[in-house]
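The structure appears right after this line, and notes come after that.
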Amino acid sequence: MASSFELLSSKRIYFASDLHLGAPNTESSIEREKRFVSWLDSIAKDAQALYLVGDLFDFWFEYRHAVPKGFVRTLGKLAELHDQGVKLYFLTGNHDLWARDYLSKEVGFEVFTKPITHVWNNQRFNIGHGDGLGPGDQGYKLLKRVFTFKPFQWAFRWLHPDIGIGLASWLSRGSRARTGQADYAMKNVQDEALYQYAQVQHAIHPADYWIFGHRHYPALEDLSGGPSAAKFCNLGDWIQWNSWAVFDGEHLELHRGFGQ
């Protein structure tokens, strides 16, 4: 069921994804984080809502009394935006799918583990990180079922945080490194599994915008097929592109290169 909202006059809705904070090392992550915080400062004047569409962190796991250290600039700025009245939405990605209630309680996010449908000014947005959607990638789909299996998460939580976070962070960086070149090489958007997924779903449940992260390549294209016109948007990332999207109440625009 879709949630409906009205965009206030002169306000905007912002979207970003795939910061992978923590990777590949502390130094480069901090520089990326500073750029992102500067962007958050720049949107504070007119943002009504902000959607972070997965992989904000390169690894995130919430123990009962511990979370991965770092990221205080980003979390503090996001909490400040929330305190100023900006609505924050977080859609978990494949690198931070173990988010629980910390981000809600401490920052003010509304956290979603599956794609969502929100309506702004009668424009329908289907939003999700995108991992495991569409044809192919059966190995990852099986792995995700393991990672989201509650007994597996319970067992992992018994590892000491120094061991569990260290091991998972190492595996997470290796995974992104193996797929990064393919992400940046994406050229024909219509061949992408996420685009094909959006086509199939749009024919069943039409929307105006289909917004995803995950593939690290910024793209805004017409979505062919279906009973009505629609746009497909992949938000890119903040590792190479520093990209984001903004909705002004009538149109969605995709930007890249903040701070460059």
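Taken together, the values in this text are just the output of simple stated rules run on the coordinates, not laboratory data. On a predicted model such as this, the values are computed, not experimentally measured, just so you know. Every residue, glycine as well, gets a Cβ built from its backbone with ideal geometry; the counts of neighbours run over all protein chains shown.
How do 18, 191, 41 line up, fewest other C-beta atoms within 10 Å first?
In order of increasing Cβ crowding within 10 Å: 191, 41, 18.
Relative to the present Cα-Cα distance, how much length would full extension add between residue 2 and residue 104 at 0.36 nm per residue of separation?
34.6 nm
Hey, fewest Cβ within 10 Å first, where do 113, 26, 92, 74 land in order? Walk me through the intermediate numbers first.
Numbers: 113 15, 26 10, 92 26, 74 21.
So the ranking, lowest neighbour count to highest, is 26, 113, 74, 92.
Which far-off residues, 5 or more places away or on another chain, put their amide H under 5 Å from the one on residue 12, with H placed in the peptide plane?
Close amide H contacts, sequence-distant or interchain: 47, 48, 49.
Could you list 110, 250, 33 so that the one with the fewest beta carbons within 10 Å of its beta carbon is first and the one with the most is last?
So the residues, fewest neighbours to most, are 250, 110, 33.
Take residue 121, project a point 7 Å from its Cα along the Cβ direction, then tell me which residues of segment 223-260 have their backbone nitrogen under 19 Å from it.
Correct set: 229-233, 244-255.
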